[in-house]
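Structure record follows, encoded as structure tokens.
What follows draws every value from the coordinates through simple rules; no lab data is involved. Just so you know, these numbers come straight off a predicted model, no measurement behind them. All Cβ positions, glycine included, derive from the backbone under ideal geometry; neighbour counts span all protein chains shown.
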Amino acid sequence: MIRDRAWLAAHLPHHGAMCLLDAVEHCDPQRIVCTATSHARSDNPLRRDRRLGIAIGVEYAAQAMAAHGAMLGGGERPRVGYVASVRSLELFATRLDREAALQVVAERLSGDDATVLYRFEVGAAGECLLRGRATVVLRAGAAR
């Protein structure tokens, strides 16, 4: 069930350089695993002063959550939503911009038609760079 960047670009709310993920490597009803290399590009739109701070990893995780919603929704664009809170965020590095590809994992812990709770982790070369939990609020009735 691998999906490539073209699929992600067609199913995520972010476009162009803001579509940060490269591929979905695994997806099941509870968990998605994505890869990304955009963190290493010098033209990454989230860079500031030629660096990519570690907290930007939360955006990578949020895009994995949106991809998970699209995959579970039969490939439809997920409903418009937003990250309402991030909890228990642990940062194990200062920068996200490393040479190794990122692995972005999001695991759905609970949810309904209005909100979803995910646990997430972003790592590279077997090292956990950050992890935490996020609550996503879905805007019912909003069409894309």
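Against the longest principal axis of the chain, how steep is helix 57-72, in degrees 0 to 90 to the nearest 10, with axes from Cα atoms? Orientation of helix 57-72: about 30 degrees from the principal axis. Taking amide H positions as modeled 1.01 Å from N, with prolines and chain starts lacking one, the residues under 5 Å from Arg31 and 5 or more places away or on another chain are Arg108.
Sorted from longest to shortest, the spans of the Cα atoms of the chain along the three principal axes equal 39, 32, 27 Å. Here the calculated FRET efficiency for Met18 and Ser110, from their Cβ-Cβ distance with R0 = 35 Å, stands at 0.80, rounded to the nearest 0.05.
Per-residue ellipticity at 222 nm computed for the chain from its helices equals -5000 deg cm²/dmol, with DSSP H segments shorter than 4 residues left out and the rest contributing -39,500 (n - 2.57). The slack between Leu89 and Glu127, meaning 0.36 nm per residue of separation minus the straight C-alpha distance, is 12.1 nm.
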